[in-house]
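This report refers to the structure that appears directly beneath it.
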Amino acid sequence: MLALCLACCLTGTSLAQEAEKYFDKNKLMLVGSYYYPEQWPQENWERDIQNMSRLGFDFTHYGEFAWAEMEPEEGKYNFEWLDQAIALAAKNNLKVILCTPTPTPPVWLTQKHPDVLMVNAEGRTIRHGARQQASWSSAKYREYVAKIVTQLAKRYGNNKAVWGWQIDNEPSHYGAAFDYSENAQQRFREWLKQKYKTIDALNSTWGTAFWSLTYNNFEQIQAPNNLVLVAQANPHAILDFKRFTADEAADFVLFQQDILKKHIAKSQWVTTNLMADYSPVDPLRFKKLDFPTYTKYLVAGFDMGHGVQGFRMGSMGGIGFANDFFRPIAGVTGVMELQPGQVNWGQYNPQTMPGTVRMWIYHVMAGGNKFVCNYRFRQPLSGGEQYHYGIMKPDGVAVSKSGEEYVKVNQELKELSKHFNPKATMPKSMLARKAAILYNPDNRWETENQPQTNQWDFVSHLKRYYSALKAVGAPVDVVDEQADFAAYPVMVAPAYQLLDQQLVARWKGYVEQGGHLVLTSRTGQKNREARLWEALFAQPIHELVGVKEIFYDLLPESRTATVQMEGKSYTWNNWGDVLEVGPQAEVWATYTDQFYKGKAAVVSRKLGKGSVTYVGPDTDDGQLERDVLRKVYERAQIPVLNLPEGVVVEWCNGFWFGLNYSSQNQTLPVPDKAKILLGQRELIPAGVVVWQE
Ligand code: GAL
């Protein structure tokens, strides 16, 4: 297994090689900052760009919202201002990421063609006044998009200062996530026709012979919308509509990439910036981009992090998970937007703990990102996002607190570059514990669609396993079923509800060859179209797991129940799969109360050279998940680290990184013989240590 893994990591995948070509392999991660020339008086530009360069940034980012400045009237283009802004960047040794401005159509466009606007679930047409108001499904909108993108591509496709392109901005419809416009409805019907060919096939898959839902033809179908129904919409229709919406987002972006690629130089790359946890858009559908990038904001009142000060740092699974999710998609990735400190749009907008922004940047670097871009250089004085921090204070010339953290990193990176060995390969100890998390958005969509309990949260469930893997110091790739399973000594497939016999057979083969597979709550209950098996509940995985029967139980939020493993007690109430074990499985944890007291909660079995472990309960604190994962590694005799909650250890490009997201001081496992390049073994909250061994 290790040999296989080594071979894979050393040769790399062809995907990685493809996208790697855009970046100088002798350079460490580059750091940039967003600038909106259109938002500032022209006399500020030179000073601001000079300052950006002086503070150590490598690149800037222009244009994603500037359609009204680029095309103030239909067909009348004005690019002189952008020419100048790009020239100023070049003069100051800053590369430029240039964007297509398609999240913000100008008012003349939407007033002339109101049918390009998207319509939300409540039936409200989203109007001019903010952003993301156009429908990806509108052919008319795409006509206009094609024109402006062609203009940009022809004008800047061979401009040496332009490093790469970002398409649109966080393609999504934000709060009003699903598009119910007539354009979208029509494209959904076409999508269904393509998929099912005949209406009978659709009726059969959707199970419409209940509640008199049978359709006579595709034209009768309306996108499912719970707001106009008294009971829940057909679950298969919802799953298909989510798949369609995700396809449509990717299609809108790839359609723009095709236009760009006709005109731009081979050295210029194309990406888009996606939100890591944003469900209606699926990053895996962007594989045909040169590479997707991500955007990340951790401190906005949603993520309580670790311990009492966690809300000022966010949790270690924020950037960490995004790194490990986006990097495997095309082999490389970058962070297009990173929070600069206090923001304006959160549930509440706390200050970040001093040092946090710097720690985030190192976390990005530890995840192998090619670049990180701070959002944004200047704090806006008027218009949207007024209270949003920038690198500069509102006066435009004094460096803000988080700006200082960027400046510090920019200086430190110069020092670290001297120790950079681009040929460094992952140490054997890390490689041995490498883990995959197997992810398919269908499992998220379907379990969220029919959660069975208000406490079910797919992303939290998955991240509990992500954190458990990080707690043993495992390098993680989040992968889909196209991945080479054999490259990973350990694989976790969280809540893998939708599957087929082929996947079960692949899992079996993986385990027999030495893989250690961990399956969790809800796995294997349905086929790929979310139909329950005409068999015992979750029967397709019974043999693999070594169980004879599974049922699940759910508790009220106000009650907890317990399971016990090796004398230690754990509480749960979100989800509990109760397992009837067969002879091959060893019971690791048992339910200690409820009417099924004494039944198995976690079981594990050996199979061939590997093992299969099934974890029935979903806890809130993730303790059970952590201890089970640790036991899987122990049994497999793979040496691990034992990291406290909130502490991260990563290896990347020859550097070891230690980060402290916890609210206490922590001692990092830096070996005595290590050469510490930055920081020290003892870390205060938001502290960073970088070393080489
Ligand atoms: C991002 C968005 C940016 C900006 C930023 C503010 O989600 O892509 O355009 O609005 O939030 O924090």
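The values are calculated or read from the model by the stated rules, or taken from the named source; none is laboratory data. Worth saying up front: this structure is predicted, and the values here are computed from it rather than measured. Neighbour counts are summed over all protein chains in view; Cβ atoms, including those assigned to glycine, are modelled from backbone coordinates with ideal geometry. Ligands, DNA and RNA are stripped out before the accessible areas are found, and what is left, the full protein with its side chains, is counted by its heavy atoms. Shrake-Rupley method; radii C 1.70, N 1.55, O 1.52, S 1.80 Å.
Being closer than 21 Å to residue 481 by Cβ, in contact with a helix residue (DSSP H, G or I) (Cβ under 8 Å, 6 or more places away or on another chain) and acidic (Asp, Glu) narrows it down to one residue among 529, 512; which is it?
Checking each option against the conditions leaves just 529.
Among all residue pairs at least 6 apart or on different chains, which show Cβ distances below 7 Å where the first residue, located in the range 236-249, is open to solvent by less than 10 Å² (accessible area, probe 1.4 Å) and the second is outside any helix (DSSP H, G or I) and β-branched (Val, Ile, Thr)?
246/281; 249/281
Between 288, 266, 261, which is assigned to a loop (DSSP other than H, G, I, E, B) and either within 20 Å of residue 336 (Cβ to Cβ) or within 16 Å of the ligand (Cβ to nearest atom) (or both)?
Just a single option satisfies the conditions, and that option is 288.
Pick out the one residue from 281, 299, 335 that is in contact with an Asp or Glu (Cβ under 9 Å, 6 or more places away or on another chain), within 13 Å of the ligand (Cβ to nearest atom) and β-branched (Val, Ile, Thr).
281
So which of 422, 451, 380 is within 16 Å of the ligand (Cβ to nearest atom) and part of a loop (DSSP other than H, G, I, E, B)?
Residue meeting the stated conditions: 380.
Within 16 Å of the ligand (Cβ to nearest atom), within 21 Å of residue 35 (Cα to Cα) and open to solvent by less than 10 Å² (accessible area, probe 1.4 Å) - does that describe any residue in the range 135-155?
No; the residues of the range 135-155 include none that is within 16 Å of the ligand (Cβ to nearest atom), within 21 Å of residue 35 (Cα to Cα) and open to solvent by less than 10 Å² (accessible area, probe 1.4 Å).
Just checking, how many residues over the range 302-317 are in contact (Cβ under 8 Å) with a residue 40 or more places away in the chain and within 16 Å of the ligand (Cβ to nearest atom)?
Qualifying residue count, the range 302-317: 2.
Hey, among 305, 317, which residue is under 17 Å from the mean Cα position of the chain (by Cα) and surrounded by 19 or more Cβ atoms within 10 Å (Cβ to Cβ)? Let's see the steps before the verdict.
Values: 305 fails: under 17 Å from the mean Cα position of the chain (by Cα).
Sole residue among the options that is under 17 Å from the mean Cα position of the chain (by Cα) and surrounded by 19 or more Cβ atoms within 10 Å (Cβ to Cβ): 317.
Answer yes or no: is there a residue in the range 421-443 that is open to solvent by less than 40 Å² (accessible area, probe 1.4 Å), under 29 Å from residue 340 (Cβ atoms) and hydroxyl-bearing (Ser, Thr, Tyr).
Going residue by residue through the range 421-443, those that are open to solvent by less than 40 Å² (accessible area, probe 1.4 Å) are 424, 427, 430-443.
In the following step, the residues that additionally are under 29 Å from residue 340 (Cβ atoms) were identified as none.
Within the range 421-443, none of the residues are open to solvent by less than 40 Å² (accessible area, probe 1.4 Å), under 29 Å from residue 340 (Cβ atoms) and hydroxyl-bearing (Ser, Thr, Tyr).
Taking the range 338-363 as the search range and keeping residues that are hydrophobic (A, V, I, L, M, F, W, C) and more than 16 Å from the ligand (Cβ to nearest atom), which one is farthest from residue 324 (Cα to Cα)?
Going residue by residue through the range 338-363, those that are hydrophobic (A, V, I, L, M, F, W, C) are 338, 343, 345, 353, 357, 359-361.
Within this subset, residues satisfying the condition of being more than 16 Å from the ligand (Cβ to nearest atom) are 353, 359, 361.
Numbers: 353: 24, 359: 17, 361: 15 Å.
Among those residues, the one meeting the criterion is 353.
Failed condition for residue 311, given (1) surrounded by fewer than 18 Cβ atoms within 10 Å (Cβ to Cβ); (2) more than 20 Å from residue 171 (Cβ to Cβ); (3) aromatic (Phe, Trp, Tyr), with all others met?
The single condition residue 311 does not satisfy is (1).
Return yes when residue 299 is open to solvent by less than 20 Å² (accessible area, probe 1.4 Å), on the phi < 0 side of the Ramachandran plot, part of a strand (DSSP E or B) and at pLDDT 95 or above and no when it is not.
no
Of everything in the range 106-134 that's in contact (Cβ under 8 Å) with a residue 40 or more places away in the chain and touching a His at 6+ places or on another chain (Cβ under 7 Å), which residue is nearest to the ligand (Cβ to nearest atom)?
132
What is the one condition in (1) more than 16 Å from the ligand (Cβ to nearest atom); (2) surrounded by fewer than 22 Cβ atoms within 10 Å (Cβ to Cβ); (3) of a type in the set (Gly, Ala, Ser) that residue 172 does not satisfy?
For residue 172, the failing item is (1).
Collect the residues in the range 212-232 that are under 28 Å from the mean Cα position of the chain (by Cα), more than 21 Å from residue 440 (Cβ to Cβ) and in a loop (DSSP other than H, G, I, E, B), keeping them in residue-number order.
Listed by number, the residues that qualify are 223, 225.
Among 177, 209, which is within 30 Å of residue 297 (Cα to Cα), open to solvent by 10 Å² or more (accessible area, probe 1.4 Å) and either in a loop (DSSP other than H, G, I, E, B) or in the same structural domain as residue 441 (by TED's automatic domain parsing) (or both)?
177
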